[in-house]
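Peer 1: After the structure tokens below, expect a handful of questions from me.
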Amino acid sequence: MAPPVAYTAVIDGVEQPAPVIAMGDDATVRAILDEGKNRNQVMSHLKRLTSEIGPRLTGSTSAERANEWCRDLYAQWGLKDARLESWGEVAVRFDRGPSTGKVLLRREKKDDAGVVTGVEYDDLRELTLSAQAWSPGTDGAVRGPIVKEPKDETEFDAARERLAGAWVLIAAPAPVGQRGIRGAMAARYELRRSAMKKVAEGTDVSTLTVPERLAMEPVAGYISTSRDERVWTGAVPGWRELDLAAQPTHPHIVVRGSDYDAINSRLHDGEPIEAEISLRHTLTPGPFPVYNTIAEIAGTDLAHEFVIVSAHLDSWDGPGSQGATDNGTGTAVTLEAARILMAAGAKPRRTIRFVNWTGEEQGLLGSAGYVKTHEAELDRISAVFVDDGGTNYQGGAQAASVMVPMMAAATAPINGQFYSRVDGKFMNVNVQNTGERIPGGGGSDHASFNRLNVPGFFWDEVGRADYGYGWHTQHDRYELAIEEYLVQSSTNSAMAAYRLACADQMLPRGKPPEPRRPRPDRDATPAPAPAPTEAPAVPAPAPAGG
């Protein structure tokens, strides 16, 4: 029998001989590398997902279609028990159609005697915009004058006669980033809903605060700004149990900073500008079930134990976005890892389970539902891998000290195999020793397992891509994807899963992670805030998530 191949591991940034741990056969390792390097199809999966299905909001028609598409691919490749598994339901389905907006200049036509004979409009600029998922849209294109938000009683009284049918420009907030902007939008929505409820219960409108009274005016809608050139998309509070009868009826859009500046400048100059906004939002009463997609490569002698390869399939659905780097790339990597293993004829000892989560963007809901449904299996899970860091390559993972030898051995065959001519280096996998505990935080689905002391790993993404440029914005499109990185990632996902699935023992647990800090910004159904006495302030920025 030929001696085992000597691989090189990278531990805490240092190249060294890989720990000698039996992990499958070298012929299968070579077959995985050959398939992953020479016949990789990850970009084909991503192209189909982003162009044929597009963004995949949890609970939407497109998300369910994507669930089914993943299931059918797994079945086509020969994986076992490919299925949709429900983790809950949503009260209302939200499907976003085309969304457009523009600013126009209103000009009066006059005859030679100076008598007004009509009105003409000049198109000034197209708007780059978004609106919260599950928020009201428009009935076709709605045109109206743009009026600045009144800040006090005096301004409100002066503006009141101009509010009917107007688009109200909300004052620009401090530049606090994505979660601050989304939080302010949610606060505005909650304020309008609270004002409606008060009036319905008999409160005199005249006793409401100025922002609440504004919410009761027959305006066309509201315009806010993101303060930079990205436009972020989130959801209304209470989206999962939404009561359409109690929902505010006025749409609220957010535009990029340059659009806001152009509008504000024209208003400052006293020019008669108008906005024409069309938001084709379809809200369908349910309830509708929501799913994870699951499929397996069955194990041999240790089939009752599992290695999980996963990524979240859902995305935000803002206009322009295709849900590419968050998280179409992770979805395509997970799919391709499954295909590579099947094409390589891998026969793992443990079952390798592939999962495409949904509900990640709303608070890790799909993975949280999974750990409840599969509670009896948790002590038989060796590792859970999550790819949710965008289009960079899987450059490493953080592991507790007792896990480092096996993780280093599992990923070692990748090292020295994938060279980036652009970066001028090999795309190696660095296993980082975090001490006695594996980190328990993080904004992606591995956290659902880590908090129960099941080893969950969020692949460190390394490379030249700017994740924040596309994250939850209109820029998140297929063109951001970097092929050489995704080829490495899909092959590494297949390799690490196969080798851990073939080891004599499961990955050691180590000590449980530190308790997770609360993340109110990720709350799926935040408690209603008391009605403010002035326009809602923008909350402080929170840590980034997936």
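Peer 1: Which ³J(HN,Hα) values, rounded to whole Hz and listed in residue order, are derived for region 468-480 from phi using the Karplus coefficients 6.51, -1.76 and 1.60 in 6.51 cos²θ - 1.76 cosθ + 1.60 with θ = phi - 60°, glycine and proline given as x?
Peer 2: Karplus values, whole Hz, x for Gly and Pro: x, 5, x, 4, 6, 10, 5, 7, 6, 10, 3, 4, 6.
Peer 1: When we measure straight from the Cα of residue 372, which lysines land under 25 angstrom away, once same-chain ones fewer than 8 places off are left out?
Peer 2: Residue 372 reaches 80, 511.
Peer 1: Mind sorting 511, 109 by how few other Cβ atoms lie within 10 Å of their own Cβ, fewest first? Intermediate results must be reported in sequence, preceding the final value.
Peer 2: Details: 511 13, 109 10.
Lowest to highest Cβ neighbour count: 109, 511.
Peer 1: Just one of (i) -0.46, -0.73; (ii) -0.57, -0.81; (iii) -0.62, -0.96 is log10 I(q)/I(0) by the Debye sum over Cα atoms at q = 0.08, 0.10 Å⁻¹ as worked out from the coordinates here. Which one is it?
Peer 2: Among (i) -0.46, -0.73; (ii) -0.57, -0.81; (iii) -0.62, -0.96, the one derived from this structure is (ii).
Peer 1: I've got another one for you. Can you return the lysines within cross-link range of residue 198? Criterion is Cα-Cα under 29 Å, with same-chain partners fewer than 8 residues away left out.
Peer 2: Output for residue 198: 148, 151.
Peer 1: For residue 383, enumerate residues with amide H under 5 Å from its amide H, sequence gap 5+ or separate chain, H modeled in the peptide plane.
Peer 2: Correct list: 308.
Peer 1: OK, next. Working from Cα positions, state the angle (0 to 90°, nearest 10) between the long axis of helix 61-77 and the longest principal axis of the chain.
Peer 2: Helix 61-77 sits at roughly 20 degrees to that axis.
Peer 1: Sort 355-368, 18-31 by packing, meaning the average of other beta carbons within 10 Å per residue, with the highest value first. Kindly include the intermediate steps, with their values, before the conclusion.
Peer 2: Working: 355-368: 26.9, 18-31: 17.2.
In decreasing order of mean packing, 355-368, 18-31 become 355-368, 18-31.
Peer 1: A follow-up question, please. Give me the percent relative contact order of region 96-286, please, defined on Cα pairs under 8 angstrom at least 6 residues apart.
Peer 2: With pairs under 8 Å counted, the relative contact order is 38 percent.
Peer 1: Return 260, 478 ranked ascending by Cβ neighbour count within 10 Å, so the fewest neighbours appear first. Before the final figure, lay out each step's value.
Peer 2: On the way: 260 21, 478 18.
By the 10 Å Cβ count, ascending, the order reads 478, 260.
Peer 1: Label region 190-264 by shape, choosing from rounded, prolate and oblate, from the square roots a ≥ b ≥ c of the eigenvalues of the Cα gyration tensor; if a/c is under 1.5 it is rounded, and otherwise prolate applies when a/b is larger than b/c, oblate when it is not. Mind dumping the intermediate values first?
Peer 2: Details: a/c = 3.07, a/b = 1.58, b/c = 1.94.
In terms of gyration-tensor shape, oblate.
Peer 1: In degrees between 0 and 90, to the nearest 10, how far off the longest principal axis of the chain does helix 178-200 point, with axes built from Cα atoms?
Peer 2: With both axes taken from Cα atoms, the answer is about 50 degrees.
Peer 1: Something else now. Per residue of region 252-264, what does 6.51 cos²θ - 1.76 cosθ + 1.60 with θ = phi - 60° give for ³J(HN,Hα)? Whole Hz please, x for Gly and Pro, Karplus curve as stated.
Peer 2: Ordered by residue, 3J(HN,Hα) equals 9, 10, 10, 10, 5, x, 5, 5, 4, 4, 5, 5, 4 Hz.
Peer 1: OK, next. Residue by residue through region 418-426, which ³J(HN,Hα) values in whole Hz follow from phi under the Karplus form 6.51 cos²θ - 1.76 cosθ + 1.60 (θ = phi - 60°), with glycine and proline marked x?
Peer 2: So the J values, rounded to whole Hz, are 10, 10, 9, 5, 5, 7, x, 7, 6.
Peer 1: Here is a follow-up. If you rank 280, 451 by fewest surrounding Cβ atoms within 10 Å, what's the result?
Peer 2: The most exposed by this proxy come first: 280, 451.
Peer 1: Going by amide H atoms built from the backbone, whose H comes under 5 Å of the H on residue 88, apart from near neighbours?
Peer 2: Placed amide hydrogens put 290 under 5 Å from residue 88.
Peer 1: I would also like to ask the following. Hey, what angle do you get for helix 329-343 against the long axis of the chain, alpha-carbon based, 0 to 90 degrees rounded to 10?
Peer 2: Helix 329-343 and the main axis of the chain meet at about 30 degrees.
Peer 1: Which whole-angstrom value gives the distance between the alpha carbon centres of region 116-177 and region 48-81?
Peer 2: Result: 38 Å between the Cα centres.
Peer 1: Relative contact order for the chain: what is it in percent, counting Cα pairs under 8 Å that are at least 6 residues apart? Intermediate results must be reported in sequence, preceding the final value.
Peer 2: Numbers: 1305 pairs, mean separation 129.6, N = 546.
About 24 percent, as a whole number.
Coordinate-derived values only; no laboratory data. As the structure is a computational prediction, the values presented were derived from the model and not from experiment. Every residue, glycine among them, receives a Cβ derived from its backbone with ideal geometry; neighbour counts consider all protein chains shown.
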